[in-house]
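Worksheet: the structure to be examined is printed underneath.
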Number of protein chains: 2
Amino acid sequence: MRTVTAENITDTFIGYFGDDTDPRVKQIMSSLAQHLHGFVKETQLTHDEWRLALELLKWTGDITTDERNEFVLLSDVLGVSSLVDMINSHPEATSSSVLGPFHVSDAPPMDLGADFKRHYEGEIILVEGVVKDTSGNPIAGATIDIWQTAPNGMYSSQDEEQDINSFHGIFTTDENGRYAFTTVRPVSYTVPSDGPVGKLLDATGRHPWRPSHLHYIVNAEGYRSLVTEVFPDDDPYLDQDTVFGVREDLVTTYKPQKAGTFPEEGFELSGKVDGPYSRIDFDPILLKK
Amino acid sequence: MRTVTAENITDTFIGYFGDDTDPRVKQIMSSLAQHLHGFVKETQLTHDEWRLALELLKWTGDITTDERNEFVLLSDVLGVSSLVDMINSHPEATSSSVLGPFHVSDAPPMDLGADFKRHYEGEIILVEGVVKDTSGNPIAGATIDIWQTAPNGMYSSQDEEQDINSFHGIFTTDENGRYAFTTVRPVSYTVPSDGPVGKLLDATGRHPWRPSHLHYIVNAEGYRSLVTEVFPDDDPYLDQDTVFGVREDLVTTYKPQKAGTFPEEGFELSGKVDGPYSRIDFDPILLKK
């Protein structure tokens with residue numbers, strides 16, 4: 001009889017695979033078992049700790065709905081989501097960053113230069129740029145799905161005062177690959193901390209804050225989809241984003257502009273700005289498929 | 001600004017811990033992050049694979065109820081539960097083995113020598129032994145919580161034909177540390193395979209079978225609680241238990257006994273057996289606290 005021991009359990013696990021198992025499944029499951037077993041042995045995990053871990057997973061399942069996926073949030077605060085983004089990013093293209101749970105399907109199409117902020121007040125920003133390929137050529141007809149928090153720190157799906165499409169919209173680049181819109185500055189906010197992820201953050205003395213950001217999903221025919229975020233360089237949480245989403249090429253300067261300079265030359269903007277505002281330039285670079 | 005990269009994300013994660021974090025929490029979470037990040041990097045996990053893993057976890061949460069905990073089952077088939085048992089076992093005491101999901105609280109107390117099988121038919125077995133300490137001294141007054149499948153392969157909580165206490169009972173050892181009961185032989189069975197764990201077993205070409213076994217929880221004042229299982233040495237799944245529960249010291253021989261030899265001398269047994277039967281000797285050894 002084969003005696004399974006702490007020394008041979010990983011090999012035993014791998015030995016159980018059927019001969020026809022897909023090689024990639026085999027590779028992933030072998031690596032998972034090696035690391036899970038390594039974790040248990042390295043920490044000499046007790047039965048009580050194992051039971052607690054299973055309770056936390058059950059709670060994660062219990063709190064998860066179609067609107068709030070606590071497993072994604074758990075992956076985010078453990079750095080797993082960002083690591084998947086990093087290893088799948090190409091150095092010549094714009095870095096990807098976490099999708100997060102607040103994207104909505106079917107955001108409304110918006111005109112180039114549209115005003116995003118509706119009646120909301122706050123520091124007005126003009127966001128503009130060119131979608132490019134890795135050789136620097138502009139990409140016309142690319143779609144840019146943008147979303148952000150309202151000035152109260154909430155996304156539309158979290159906030160009874162906003163309809164679902166508030167601060168969500170899809171722009172299409174013009175023949176020069178350009179996009180532009182006006183909005184109010186997004187704010188730093190906390191990830192939901194009333195569930196198991198909040199418990200985990202508490203237990204490790206971590207805060208639930210994220211630096212403010214604009215979310216982007218950029219798509220163009222023949223190019224890899226880019227899911228990313230754009231951060232201001234003066235946010236206090238830039239160096240300690242609780243979901244590890246910040247990359248150097250995603251940090252931009254909010255450049256203060258004088259009153260009376262809006263709209264700038266060459267822009268057709270639907271918003272009206274009398275006072276000073278800030279300008280953000282961000283050029284998403286896409287990788288060919 | 002600190003740029004989080006695939007190379008420094010684990011150190012960044014560890015750097016986020018608050019100064020007052022409990023050292024054991026720090027140790028466990030650091031090891032978890034190291035292994036999770038190592039797994040992602042080693043496999044170069046794609047976004048699609050990451051999304052699939054999160055879907056499987058959400059499904060695991062959706063299918064989990066108070067009666068069926070799919071997270072425990074996942075831990076079982078990944079070998080994690082058994083590994084926790086192994087590293088927390090003491091070489092001088094009886095090995096522990098998986099609790100499984102079919103234990104019931106408040107099983108009925110049973111007399112020494114009671115008949116466990118009620119009206120069920122099958123190969124009759126007499127199970128007997130002495131609960132001992134690691135020096136071989138008998139422990140009087142120890143409680144032994146026993147449960148097993150009915151001959152149809154189902155535990156009481158899975159089977160409409162059985163009441164909840166069917167094949168569940170608690171024995172107390174006599175002044176010589178002895179316990180004894182009669183029952184029918186438990187059978188090999190499959191773990192639930194209609195959920196994400198079944199999907200995982202399928203994808204890796206694994207079967208869902210467990211060798212037949214009797215479950216034991218042995219408790220005695222001043223000793224560590226022992227959760228274990230006892231297997232017959234002729235079960236076809238002994239070398240490929242899908243939850244890795246088999247240990248050498250938990251395998252016993254079902255010794256055939258001739259008709260007319262029951263009850264054996266020295267036993268007071270409430271069951272009646274006319275034909276041949278089998279005898280199992282199993283002495284649980286407990287570790288002092």
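Of all the numbered requirements in (1) within 12 Å of chain B (Cβ to nearest Cβ); (2) under 12 Å from the mean Cα position of the chain (by Cα); (3) over 14 Å from A:Thr149 (Cβ atoms), A:Tyr216 misses one, and that requirement is (1).
In region A:35-48 there is no residue that is more than 8 Å from every other protein chain (Cβ to nearest Cβ) and either touching a strand residue (DSSP E or B) at 6+ places or on another chain (Cβ under 8 Å) or of a type outside the set (D, E, K, R) (or both). Number of residues in region A:50-61 that are more than 7 Å from every other protein chain (Cβ to nearest Cβ) and free of Cβ contacts under 8 Å to residues at least 24 places away in the same chain: the value is 4.
Sub-8 Å Cβ pairs linking a first residue in region B:130-153 that is more than 18 Å from B:Gly100 (Cβ to Cβ) to a second residue that is among the polar types (S, T, N, Q) and not in a loop (DSSP other than H, G, I, E, B), at least 6 apart or interchain, are B:Gly141/B:Thr172; B:Ala142/B:Thr172; B:Ala142/B:Asn219; B:Thr143/B:Thr172; B:Thr143/B:Asn219, ordered by first then second residue. Surrounded by fewer than 23 Cβ atoms within 10 Å (Cβ to Cβ), part of a strand (DSSP E or B) and more than 14 Å from chain A (Cβ to nearest Cβ): does that describe B:Asp163? Against the criterion (surrounded by fewer than 23 Cβ atoms within 10 Å (Cβ to Cβ), part of a strand (DSSP E or B) and more than 14 Å from chain A (Cβ to nearest Cβ)), B:Asp163 does not qualify. Hey, any hits in region B:15-28 for a residue that's closer than 17 Å to A:Gln34 by Cα and outside any loop (DSSP other than H, G, I, E, B)? The answer is yes, given that some residue of region B:15-28 is closer than 17 Å to A:Gln34 by Cα and outside any loop (DSSP other than H, G, I, E, B). Scanning region A:62-94 for residues that are within 23 Å of B:Thr10 (Cβ to Cβ), more than 7 Å from chain B (Cβ to nearest Cβ), assigned to a loop (DSSP other than H, G, I, E, B) and modelled with pLDDT of 95 or more yields nothing. For B:Asp233, are the conditions met, namely being closer than 30 Å to A:Asp19 by Cβ, touching a strand residue (DSSP E or B) at 6+ places or on another chain (Cβ under 8 Å) and exposed (fewer than 15 other Cβ atoms within 10 Å of the Cβ)? Criteria met by B:Asp233. Restricting region B:175-204 to residues that are touching a Lys or Arg at 6+ places or on another chain (Cβ under 9 Å) and free of Cβ contacts under 8 Å to residues at least 60 places away in the same chain leaves a set whose member that is surrounded by the fewest Cβ atoms within 10 Å (Cβ to Cβ) is B:Thr190. So A:Val98 ticks every box in (1) more than 9 Å from chain B (Cβ to nearest Cβ); (2) part of a loop (DSSP other than H, G, I, E, B); (3) more than 20 Å from B:Gln44 (Cβ to Cβ) but one. Which box is left unticked? Every listed condition holds for A:Val98 apart from (3).
What do you reckon, is A:Val184 among the β-branched types (Val, Ile, Thr) and within 14 Å of chain B (Cβ to nearest Cβ)? Here the answer is no, as A:Val184 does not meet what is asked. Please go through region A:214-267 and give me each residue that is more than 22 Å from A:Gly113 (Cβ to Cβ), touching a residue at least 60 places away in the same chain (Cβ under 8 Å) and in a loop (DSSP other than H, G, I, E, B), ordered by number. Listed by number, the residues that qualify are A:Glu221, A:Gly222, A:Arg224, A:Thr242, A:Val243, A:Phe244, A:Gly245, A:Val246, A:Arg247.
The values are calculated or read from the model by the stated rules, or taken from the named source; none is laboratory data. All values reported here derive from a predicted model rather than from experimental measurement. With ideal geometry, Cβ positions are generated from the backbone for all residues, glycine too; neighbour counts draw on all protein chains shown.
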